[in-house]
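Structure record follows, encoded as structure tokens.
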């Protein structure tokens, strides 16, 4: 019995015992693989594939095809030439059983094109760097977001600078305002939004 299988974009007519070279398979020498893209088995023609049919094969070796040379020359004033060699990676297999049916339940590894999987040593997991926790308002601190124009981001900056209560802001001098404005890049926001006057009222409760 013969079959026509498809692998690596090519079609092959095979019979049991045939040895052929196919596009590289992800398998090691000695393994048995099963081709599941079967276009024809005996007199049964697929549409396009024959359902539940398969061709099993033993991997003999991973080999390389003959070298092909790719030479490019540009015929111009500033000419250039490029020469490149290539050897296609192939897998040598020996055809075994040809299954007209029951391929889905055979339990044989499917033939997959590509590099053979390499078992990598389990890498030691690196402890992910802990993100710095956002500063939390200390017990007894005020909700600085009550000030005009202060959102979570500005509140975080104030807390990082040690400003936690309205009383602290109410007591700022012009020198404190200038220092804080420069330190936290508020760009005149303190005076523009009138934080000190608001803090005085909010501090009263």
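The values are calculated or read from the model by the stated rules, or taken from the named source; none is laboratory data. From a predicted model like this one, the values you see are computed outputs, not experimental measurements. Using ideal geometry, Cβ is built from the backbone for each residue, glycine included, and neighbour counts are taken over all protein chains shown.
Being within 30 Å of residue 110 (Cβ to Cβ) and either within 33 Å of the chain's Cα centre (by Cα) or modelled with pLDDT under 90 (or both) is the filter here, so list the residues in region 59-91 that pass it. Give the derivation first.
Filtering region 59-91 down to residues within 30 Å of residue 110 (Cβ to Cβ) leaves 59-66, 68, 86-91.
Within region 59-91, 59, 61, 62, 63, 64, 65, 86, 87, 88, 89, 90, 91 qualify.
May I ask you to list the residues in region 61-93 that are surrounded by fewer than 15 Cβ atoms within 10 Å (Cβ to Cβ) and under 27 Å from residue 13 (Cα atoms)? Even if it seems obvious, please write down each step before you answer.
Filtering region 61-93 down to residues surrounded by fewer than 15 Cβ atoms within 10 Å (Cβ to Cβ) leaves 61, 63-89.
Within region 61-93, 61, 63, 64, 65, 66, 67, 68, 86, 87, 88, 89 meet the criteria.
Output the residues belonging to region 155-167 that are in a helix (DSSP H, G or I) and without any contact (Cβ under 8 Å) to a residue 24 or more places away in the chain. Steps first, please.
Of all residues in region 155-167, those in a helix (DSSP H, G or I) come to 155-160, 166-167.
Of everything in region 155-167, those that are in a helix (DSSP H, G or I) and without any contact (Cβ under 8 Å) to a residue 24 or more places away in the chain turn out to be 155, 156.
Kindly indicate whether any position in region 35-46 is under 34 Å from the mean Cα position of the chain (by Cα) and farther than 26 Å from residue 87 by Cβ. Don't jump to the end; show me each part of the working.
Step one: filter region 35-46 for residues under 34 Å from the mean Cα position of the chain (by Cα), giving 35-38.
Still in the list and also farther than 26 Å from residue 87 by Cβ: 36, 38.
Scanning region 35-46 turns up at least one residue that is under 34 Å from the mean Cα position of the chain (by Cα) and farther than 26 Å from residue 87 by Cβ.
Does residue 46 satisfy being in the same structural domain as residue 6 (by TED's automatic domain parsing), surrounded by 12 or more Cβ atoms within 10 Å (Cβ to Cβ) and free of Cβ contacts under 8 Å to residues at least 12 places away in the same chain?
Values: in the same structural domain as residue 6 (by TED's automatic domain parsing): yes; surrounded by 12 or more Cβ atoms within 10 Å (Cβ to Cβ): yes; free of Cβ contacts under 8 Å to residues at least 12 places away in the same chain: yes.
Taking the combined requirement at face value, the residue satisfies it.
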